[in-house]
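Taking it in order: structure first as structure tokens, then the write-up.
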Amino acid sequence: MAVALAIIAIVVFFVIILLAAAIRVLREYERGVIFRLGRLIAQKGPGLIFLIPVIDRMVRVDLRTVTLNIPPQEVITRDNVTARVNAVAYFRVIDPNKAIVEVENFLVATSQISQTTLRSVLGTAELDTLLAERERLNVDLQKIIDDQTEPWGVKVTTVEIKDVGIPQGMQRAMARQAEAERERRAKIISSEGEYQAAQRLFDAAEIISQNPATIQLRYLQTLIELGSGSSTTIVFPLPIDLIEPLTRLMRGGGDGDGDGGGPPSPRPRNPRVQPGLEPTDEPKAPPVTPGLGPGDDVDPPERPAS
């Protein structure tokens, strides 16, 4: 009786071992690739799976999206600038049978093909393109890597360039370039403002020229603005047409036909010039007889007999 119980216990033990080897439970995001005597027979899962012990062998495959960090790569751009670039790739297995049969280790294979593609694609782009057009480069990288991993049953959904490291000298050169660009924009904006201000002043001058009284109002407004201070010297401008007659009178230039409106000033005469004579002719003094004074009478000379 004891021997029979021992045999039963041994049989139960082996049955439990066989059941443990034959039963598998797969989660919702897992699939099982079944090999029977080395041959691929089926893909099973998720849930409870029965295998033939010793004959069947199952390989679990995770169908969730995998985040793959691409190590930093030394890249020489098209314009001969050395840059250190790292990226991240997102992929998932869409065909577990190909992912197990077509490639030895799809994780390592995808990582290696991502690194080589990153170097080759970024090496054909210039530094400005690498910094400014990352979205386009990301799309190109994703398409190239996905085309190469498609035979393995791996779908690359997204590739993102995380960081671009450039040498310190190039960073200083780019900083100077950015500063010069900002100065150029500032000068353009300043000159544009001056042009618009000059255009507005020209328009204002055109309006003021239509009515001269507006300039007087502008003078008065300017005086009000200047007089707001405690110590202010005011210079009041006068129109030229008000002081022109006074200037002519002071210069003695009024000749009766001017615009002053007053009577013409008499021309000064030379007291030694008599009417009817030229300005250069002077009256001659009478002859003086020797021996006579200025008041003595002088007989007129006798006329000869005819």
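Coordinate-derived values only; no laboratory data. Note that the structure is predicted; figures quoted are calculated from it, not measured. Cβ placement follows ideal geometry from the backbone for every residue including glycine, while neighbour counts extend to all protein chains displayed.
To two decimal places, what compactness ratio does the range 66-166 give when its Cα radius of gyration is scaled by 2.2 N^0.38 Å?
On the way: Rg = 13.8 Å, N = 101, 2.2 N^0.38 = 12.7 Å.
Scaled against compact globular proteins, the figure is 1.09.
Please arrange Asp128, Asp95 by how many other C-beta atoms lie within 10 Å of their C-beta, fewest to most.
Asp128, Asp95
For Asp62, what charge total do you get from the other residues with a beta carbon under 14 Å from its beta carbon, if Lys and Arg give +1 and Asp and Glu give -1?
For residues surrounding Asp62, the net value is +3.
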